[in-house]
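Read through the structure below, which is laid out as structure tokens, and then see the notes.
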Amino acid sequence: MKLYERATKQIIRMIESGGLAEGEMLPSESELAERLNVSKITIRRALAELRNMGYIATIHGKGSFVNHSTMWYPNSMISFTEDMRKKGKTPSSIILDKKIIEGAEIPGSKFEPGTTLFYLKRIRKIDGEPVGVQEHYIRYDLVPGIEKIDFEGRSLYKTMEESYGVVLHQSKQEVTIKKVPKEEAQYLDLNPKDSVFSIKAWIMDEKNFLIGYAQSLFRSDRYKITLLLKRN
């Protein structure tokens, strides 16, 4: 890995971990160079990469600032609630539906027919602004009684781990762009012609058994999905 690529990844980690908050000015090139133990030329190249990726904006004569117009979709398996709190935001939810589903076949879920599932549908908000709609289907045999819990301000994943001992090991995700459905457009304050990120996720335990399935729609004007790739 080249030095500027390593520096780019290190600064991204600072941003995504909340070490550099949205709207905050980045340290000077000299400070970053000293902190990351690289040259100022390397830092300039890294900052150029970050601008191209949308992480920062540079204002002539003032400096570079963490871009606050979008949120970055996490590249690790972390819940919406945990991710927003880590970034210094206030997450909240509106419960649209919560129930036990018995015997129904959920298209695309890959659950065995007849599997009993806990279903949870929520509007997700950041600092009071609606940014997404999420639907979760969780194997009910792993989380009996979970339907009694209020998830308006509580993390589903954390509850599964701490209250039920469920190990969330990995998630396979599929991301596409689609026109927002009419119902969800109302929830998200969008025009029906607007596009959203559509994210499907299959959640597995440490033995690679399917334990959950999620369908999420996130506003494309408030979220950005960034991939940092390297050539082998």
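What follows draws every value from the coordinates through simple rules; no lab data is involved. Predicted model only: the values in this text are computed from it and were never measured. Quick reminder, even Gly has a Cβ in these numbers, built from the backbone with ideal geometry, and neighbours come from all protein chains shown.
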> Which value in nm describes the separation of the simple spin-label points at residue 182 and residue 164, placed 7 Å from the Cα toward the beta carbon?
Replying inline: 3.5 nm
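What number, rounded to the nearest 500 deg cm²/dmol, is the helix-based mean residue ellipticity at 222 nm of the chain, given -39500 (n - 2.57) per DSSP H run of at least four residues and division by all its residues?
That comes out to -7000 deg cm²/dmol.
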> Using a Gaussian network model of the chain with C-alpha springs under 10 Å, which one of 124, 219, 45 is most mobile by mean-square fluctuation?
Replying inline: 45
> Which entries in the list 200/224; 179/200; 87/207 go over 23 Å, if you measure between the two C-alpha atoms of each?
Replying inline: 87/207
>> I want to verify the translational diffusion coefficient of the chain in µm²/s; compute it with Stokes-Einstein, Rh as the Kirkwood radius over Cα pairs, at 20 °C and 1.002 mPa s.
In response: 110 µm²/s
> Considering only DSSP states other than H, G, I, E and B, which GluC sites (Glu not before Pro) in the range 142-178 qualify as loop sites with at most 12 other Cβ atoms within 10 Å?
Replying inline: 152
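Name the GluC sites (Glu not before Pro) in the range 40-113 that are in a loop by DSSP and that have at most 12 other C-beta atoms within 10 Å, would you? Please list the in-between numbers first.
Values: sites: 49, 82, 102, 105; in loops: 102, 105.
Taking the range 40-113 and a limit of 12 other Cβ atoms within 10 Å, the loop GluC sites (Glu not before Pro) found are 102, 105.
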> At residue 60 and residue 106, where each label point lies 7 Å from the Cα along Cα→Cβ, what is the point-to-point distance in nanometres?
Replying inline: 5.3 nm
> Roughly speaking, what is the stretch gain from residue 206 to residue 174, that is 0.36 nm per residue apart minus the C-alpha to C-alpha distance, in nm to one decimal?
Replying inline: 9.5 nm
>> Please compute the modelled spin-label separation between residue 141 and residue 189, points set 7 Å along Cα→Cβ, answer in nm with one decimal.
In response: 4.4 nm
>> Straight-line reach only, C-alpha to C-alpha below 19 angstrom: list the aspartates and glutamates that residue 2 could link to, leaving out same-chain residues fewer than 8 apart.
In response: 29, 34, 49
> Which order do 196, 167 fall in if you start with the one that has the fewest other Cβ atoms within 10 Å?
Replying inline: 167, 196
> Using alpha carbon centroids, what distance separates the range 1-41 and the range 154-232, in Å?
Replying inline: 28 Å
